[in-house]
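This report concerns only the one structure given below.
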Amino acid sequence: MPEIYGQSLSRHDLEARTGDLGQFAGVRLMCLENGVERGIRLLEFRSGTGLRFSVLVDRAMDIADCEYRGHAIGWHSPSGFRHPGLHEYEGEGGLGWMRSFSGLMITCGLDHILFMYDAPTNDYVYAPRQVAKQSLHGRAGTIPAHLIGYGERWEGDTCILWAEGIIRQGTVFGEHLELHRRIEIEVGSNDITLNDRVVNRGFYRTPHMLCYHINLGYPLLDEGSRYLAPIRDVVWAAHAENYRDQNVGYRELPEPQRRFHEQVWEHEMGADDDGQVPSALVNDRLGLGLCVTTRKAQFPCQFQWQNFQAGQYAMGIEPATHHVLGQGEARERGEMIWLEHGDERCYQTRFSVLDGEEAIARCERHITAIARQPAENFPAPSGEFRRLGGRS
């Protein structure tokens with residue numbers, strides 16, 4: 001039964017207390033109507049616990065706002081939630097993605113992630129285009145979804161809020177990939193579930209890569225916040241040549257900095273007996289955290305993004321299908337995922353708000369039982385990228 005305002009209530013009890021569930025929980029469709037956000041449809045979810053988040057229908061059904069009892073969890077950048085009609089995919093030499101980079105979660109893919117790459121297009125059998133110019137993190141995050149539906153569903157005394165849509169990335173003489181996305185949360189719960197299925201609807205052999213850029217901001221992120229993860233090995237650091245110059249390690253996080261240059265790490269994660277990988281950012285002062293749980297078999301790699309520049313203060317948890325080495329290396333190493341017509345890949349992810357010291361402690365115990373992350377704030381990267389193997 002849902003727990004609302006400290007009471008466990010059946011469906012009968014809830015309906016006796018209101019003529020409309022939307023009084024304290026629900027999902028509703030709205031439209032943004034000003035500035036660069038004008039015209040974007042969004043779905044606002046409220047679970048009845050104080051958790052509220054919004055899903056941008058016209059931006060891949062990604063999660064934008066997220067807050068818990070008045071405390072922001074998701075990050076907002078200066079770009080705002082920019083309408084996809086303003087997006088220039090190949091703008092600024094492939095870095096135009098930055099002008100649409102905001103929110104708790106941005107989908108990167110579906111055939112490319114990470115930095116720019118000229119992908120060979122032999123499989124598309126079209127001589128005038130020898131390469132596909134891939135910009136930073138791919139096209140998916142700014143594609144509007146075809147909204148299948150949304151609402152509430154009762155299963156006995158359990159009420160599930162849900163939304164479902166299809167994001168189609170397609171072109172003539174090129175890829176035709178679909179992302180089928182379903183988002184759910186139970187009334188009375190702090191657990192958001194994300195179920196994705198990527199399928200090749202085309203008849204060309206097509207590469208597939210996927211990454212979630214999960215971005216956490218103030219006040220969850222603050223001086224003294226801690227990053228918790230079952231790290232077996234710190235594999236790589238983008239700033240390895242000047243590892244300590246900014247005096248910011250991977251584990252304990254600072255206040256906003258001036259002239260901070262982003263830092264990115266790749267960690268080799270352990271998994272629990274169910275194959276799940278939990279990673280979290282916690283703020284002990286607030287008694288608040290967010291834990292992101294993925295499956296090792298689906299996302300074998302994970303990055304940590306640190307952007308502590310004043311005015312753009314954020315930390316990212318990034319589960320990914322491939323190493324930070326990028327698409328070129330994935331092809332060279334035989335690690336690219338290739339999808340033939342009808343092939344698909346499925347991904348299940350959970351976002352859990354941690355409310356209070358005990359919830360944080362339980363999460364930390366679970367993570368520590370899988371693997372004890374390095375106590376050193378500046379562990380030396382090993383440079384050992386585990387073989388993912390050819391996947392087709």
Completion exercise
Restricting attention to region 86-112, the residues that are of a type in the set (Ser, Thr, Tyr) and over 20 Å from PRO207 (Cα atoms) number exactly 2
Practice task
Just give me the residues in region 166-187 being open to solvent by 30 Å² or more (accessible area, probe 1.4 Å), over 25 Å from SER10 (Cβ atoms) and touching a residue at least 24 places away in the same chain (Cβ under 8 Å), in sequence order.
Solution key: ARG168, GLY170, PHE173, HIS176
Fill in the blank from the handout: region 243-351: strands (runs of 3 or more DSSP E) wholly inside it with 2 or more residues that are open to solvent by less than 40 Å² (accessible area, probe 1.4 Å) and among the aliphatic types (A, V, I, L, M) are 263-269, 276-283, 288-295, 314-320, 337-339
Exercise for the section: State the number of residues belonging to region 172-197 that are in contact with a helix residue (DSSP H, G or I) (Cβ under 9 Å, 6 or more places away or on another chain) and not charged (D, E, K, R). Expected result: 6
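Go through the residues of region 123-137 one by one and say whether even a single one is within 20 Å of HIS87 (Cα to Cα), among the basic types (Lys, Arg), in a strand (DSSP E or B) and open to solvent by 30 Å² or more (accessible area, probe 1.4 Å). Working first, answer last.
Step one: of region 123-137, the residues within 20 Å of HIS87 (Cα to Cα) are 132-137.
Restricting the remaining residues to those that are among the basic types (Lys, Arg) gives 133.
Imposing the further condition that a residue be in a strand (DSSP E or B) reduces the set to 133.
Within this subset, residues satisfying the condition of being open to solvent by 30 Å² or more (accessible area, probe 1.4 Å) are 133.
Yes, the conditions are met somewhere in region 123-137.
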Completion exercise
When every residue in region 141-165 that is within 24 Å of MET98 (Cα to Cα) and among the aliphatic types (A, V, I, L, M) is compared, the one surrounded by the most Cβ atoms within 10 Å (Cβ to Cβ) is ALA145
Completion exercise
Counted residues in region 377-390 being open to solvent by 50 Å² or more (accessible area, probe 1.4 Å) and without any contact (Cβ under 8 Å) to a residue 60 or more places away in the chain come to 2
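Does ARG365 satisfy the criteria of being farther than 22 Å from HIS239 by Cβ and without any contact (Cβ under 8 Å) to a residue 60 or more places away in the chain? Before you say what the answer is, go through the steps one by one.
Details: farther than 22 Å from HIS239 by Cβ: yes; without any contact (Cβ under 8 Å) to a residue 60 or more places away in the chain: yes.
Here the answer is yes, as ARG365 does meet what is asked.
The values are calculated or read from the model by the stated rules, or taken from the named source; none is laboratory data. No experiment lies behind these values; they were computed from the predicted model shown. A quick note on method: Cβ atoms are made from the backbone with ideal geometry, for glycine too, and the neighbour counts reach across all protein chains shown. Side chains included, ligands, DNA and RNA excluded: accessible areas come from the protein's heavy atoms. Shrake-Rupley method; radii C 1.70, N 1.55, O 1.52, S 1.80 Å.
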